[in-house]
Amino acid sequence: MTHVASREAVSRLSEAPGAWPLAWLRGASALVLSMTTLGTAMAGDTGPAPVPVPVDAVVLLTRIQQAAQKQNYVGTFVHQQGSQVQSSRVTHLTDRTGEHEKLELMDGRPREFIRHNDDVRCYVQDSHVVLIEKRARSDSFPALLTSDAVDLDKYYELSVEGSDRIAGRPARSVLLKARDDQRYGYRFWFDRDSYLLLKAQTIGEKGNTIEQVAFTDLVIGGAIDASRLKPSVGNTDGWRTETNRMIPVDLGQAGWSVPQPIPGFRKVMEVRRAFGGREDIGQMVFSDGLAAISIFIEPVAPHDGQEGFANRGPINVVTEHHGNFWLTIVGDAPAASIREMAKQVSFKSAP
């Protein structure tokens, strides 16, 4: 795949922390649903009597999402897809100005991501490059939701599994089983006291684990010195700065639509992106709250590049011609779902 959209999408799968699919895009909505509880599910717990776990998926996952956004924590986590393993260290602080976060890749090319709310700077030390962009998704571990979670119960069945111990902390585990074959299932372990997500697995169509990410050490709460959130690189004089911009647009006005997306996946974002020297890459994002599918639209010569399919862990990518455009459909959903989504993309030129 030589065209920009495919290159950008696939490179982010392999290099960008937070691009790991437990979902894409925006965070959870305000909680308006009542809470049901299951007081006897944790009979195996030791120590203090456990607080009942919400058995409403929207309530529980929203609480886990809020824990990731509102608490202070420092920890190391490991992300695994097949035989590939990568460790990262996260430092997260919340103050009156919002979220501050430093994410350091501990393996491979040295990179650091410094974030204040949705403003992100990536320091690529070996290339002397600073990448500046707006965060497009708020599911970076230990967060997990990509969009409002109001319809999750329609497409996932939640069951409380029991107690465990992750990174030295008492944890609860829950399973979200997909109600159809158009999305993956998930298993989550969260801290018994704070509800911070400690471990997450993506479950494939055959019930196998195709991806997991988990803390190996973690400290929750307490004061964090702001100096710990600064980049390790003190002087970036002479470094190249690149800015990836996203401009909200209505791609329907340009003739693009998806008349029948996969059930449960609703459009949550439409933007015009600028990267790689290009200013005209359209992107539509569809999400069911946990999983997300992006459709990249790039105007190019009709025979520039090759159509094809790619896969890495739970992420599947379809690339195809559509007249004088390239379409790249990429998401954390089964291959059949990504291919079906590609079939639904429609273009009608202006009269």
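What the table below lists for this structure:
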item: Flag for residue 220 being over 22 Å from residue 80 (Cα atoms), among the aliphatic types (A, V, I, L, M) and modelled with pLDDT of 95 or more; result: yes
item: Qualifying positions in the range 288-339 - buried (at least 23 other Cβ atoms within 10 Å of the Cβ), under 23 Å from residue 141 (Cβ atoms) and out of contact with any Gly (no Cβ under 9 Å at 6 or more places or on another chain); result: 290, 330, 331, 333
item: Residue list for the range 190-202, filter: more than 17 Å from residue 162 (Cβ to Cβ) and crowded, with 22+ Cβ neighbours inside 10 Å; result: 196, 202
item: Close pairs (6 angstrom Cβ cut-off, 6 or more residues apart or separate chains): in the same structural domain as residue 78 (by TED's automatic domain parsing) in the range 180-199, of a type in the set (D, E, K, R) and not in a loop (DSSP other than H, G, I, E, B) anywhere; result: 185/177; 189/164; 189/199; 190/172; 191/169; 192/172; 195/63; 198/191
item: Residue check for residue 173: modelled with pLDDT of 95 or more, surrounded by 15 or more Cβ atoms within 10 Å (Cβ to Cβ), touching a strand residue (DSSP E or B) at 6+ places or on another chain (Cβ under 8 Å) and of a type in the set (Ser, Thr, Tyr); result: yes
item: Residue within the range 203-213 that is closer than 23 Å to residue 287 by Cα, surrounded by 19 or more Cβ atoms within 10 Å (Cβ to Cβ), under 18 Å from the mean Cα position of the chain (by Cα) and among the hydroxyl-bearing types (Ser, Thr, Tyr) present; result: no
item: Residue selected from the range 153-177 under the condition closer than 19 Å to residue 62 by Cβ and among the polar types (S, T, N, Q), by the criterion farthest from the chain's Cα centre (by Cα); result: 159
item: Members of the range 63-91 that are among the aliphatic types (A, V, I, L, M) and under 13 Å from residue 212 (Cβ atoms); result: 78, 85
item: Residue list for the range 160-176, filter: within 21 Å of residue 77 (Cα to Cα) and part of a strand (DSSP E or B); result: 163, 164, 165, 166, 169, 170, 171, 172, 173, 174, 175
item: Elements of type strands (runs of 3 or more DSSP E) in the range 177-264, at least 1 residues being within 25 Å of residue 346 (Cα to Cα), out of contact with any helix residue (DSSP H, G or I) (no Cβ under 9 Å at 6 or more places or on another chain) and β-branched (Val, Ile, Thr); result: 240-248
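Yes or no, residue by residue, for (1) within 25 Å of the chain's Cα centre (by Cα); (2) under 30 Å from residue 92 (Cβ atoms); (3) touching a residue at least 40 places away in the same chain (Cβ under 8 Å):
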| position | (1), (2), (3) |
| --- | --- |
| 236 | no, yes, yes |
| 253 | no, no, no |
| 268 | yes, yes, yes |
| 274 | yes, yes, no |
| 279 | yes, no, no |
| 310 | yes, no, yes |
| 320 | yes, no, no |
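The values are calculated or read from the model by the stated rules, or taken from the named source; none is laboratory data. As the structure is a computational prediction, the values presented were derived from the model and not from experiment. Neighbour counts run over all protein chains shown; Cβ positions are idealised from the backbone, glycine included.
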